[in-house]
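These notes concern the structure reproduced below.
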């Protein structure tokens, strides 16, 4: 009799009490890199012997390659479809970076590349 009573009580609780709802969790992680303010789209120069564009007139390294803007920061790489926002973490180091000479910025300032003159005209000029 007790089994019948507890069985009936159990079924009543299952059908009478509201069913637990599924919880939804939404996590939005925004990566806030130190901002670099541009008055408009930044000027770009192509780094010789590569298909990599660089923004030469800012202190931070910012590159454009393969439809993405790339930026290293604190030992990590970030990329975005826009130059001024939307940066997301990129695991590892992008493959294009192997072809970027570490002294490219000094070569740009001195108008030379591997001992030769470097006429670093912007792709938007001309």
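The numbers here are math on the coordinates, done by the rules we state, and not lab data. Computed from a predicted structure; not experimentally measured. FYI the Cβ positions are ideal-geometry reconstructions off the backbone, even for glycines, and counts take in every protein chain you see.
Relative contact order for the range 42-111: what is it in percent, counting Cα pairs under 8 Å that are at least 6 residues apart?
Worked out over the range 42-111, it gives 20 percent.
Shape call for the range 42-111 from the C-alpha gyration tensor, a ≥ b ≥ c root eigenvalues: rounded (a/c under 1.5), prolate (a/b greater than b/c) or oblate?
It comes out prolate by the Cα gyration axes.
Can you tell me how much longer the chain between residue 36 and residue 91 gets when fully stretched, taken as 0.36 nm per residue apart minus their C-alpha distance, in nm with one decimal?
My answer for the length gained is 17.6 nm.
Estimate the FRET efficiency between residue 60 and residue 116 by the formula 1/(1 + (r/R0)^6), using the beta-carbon distance for r and 41 Å for R0, to the nearest 0.05.
Once the sixth-power term is evaluated, E becomes 0.90.
By per-residue mean of other Cβ atoms within 10 Å, what is the highest-first order of 40-53, 90-103?
40-53, 90-103
I want to check the label-to-label distance for residue 46 and residue 109. Put each point 7 Å from Cα in the C-beta direction and report it in nm to one decimal.
Rounded to a tenth, the inter-label distance reads 2.5 nm.
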